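Novice: I have a structure I would like to understand better, so I am pasting it below and will then ask my questions one at a time.
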Amino acid sequence: MQETDIQKRAYRHWTTLEDKKLVDLRKKGIKFREIAQQLNRTPISVEKRFRKIEKTKFD
């Protein structure tokens, strides 16, 4: 398998603006899948980030 065939997983840190947009869209009832498309992220990463934000609000 050549190096070009292997897809690299690149972690992008979340920005404050992305966090705000994520929370705002969720408050409007938008699904994680749709938010992920807007933020160019995977639905699971969006859901995990949202849960982390919600958890830190109550800690």
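Novice: Output the residue which, of all residues in segment 22-42 that are among the polar types (S, T, N, Q) and within 14 Å of ARG12 (Cβ to Cβ), is surrounded by the most Cβ atoms within 10 Å (Cβ to Cβ). Before the answer, list the steps.
Specialist: The first filter runs over segment 22-42 and keeps only residues among the polar types (S, T, N, Q), leaving 37-38, 40, 42.
Next, from what is left, pick out any that are within 14 Å of ARG12 (Cβ to Cβ): 40, 42.
On the way: ASN40: 8, THR42: 12.
Per the stated criteria, the residue is THR42.
Novice: All but one of (1) free of Cβ contacts under 8 Å to residues at least 24 places away in the same chain; (2) assigned to a helix (DSSP H, G or I); (3) among the hydrophobic types (A, V, I, L, M, F, W, C) hold for PHE50; state the number of the condition that does not hold.
Specialist: All conditions pass for PHE50, except number (1).
Novice: Among the residues of segment 43-58, is any at pLDDT below 95, open to solvent by 100 Å² or more (accessible area, probe 1.4 Å) and among the hydrophobic types (A, V, I, L, M, F, W, C)?
Specialist: yes
The values are calculated or read from the model by the stated rules, or taken from the named source; none is laboratory data. Given the structure is predicted, the values throughout are model-derived calculations rather than measurements. Every residue, glycine as well, gets a Cβ built from its backbone with ideal geometry; the counts of neighbours run over all protein chains shown. Keep in mind that these areas ignore ligands, DNA and RNA; they rest on the heavy atoms of the full protein, side chains included. Shrake-Rupley method; radii C 1.70, N 1.55, O 1.52, S 1.80 Å.
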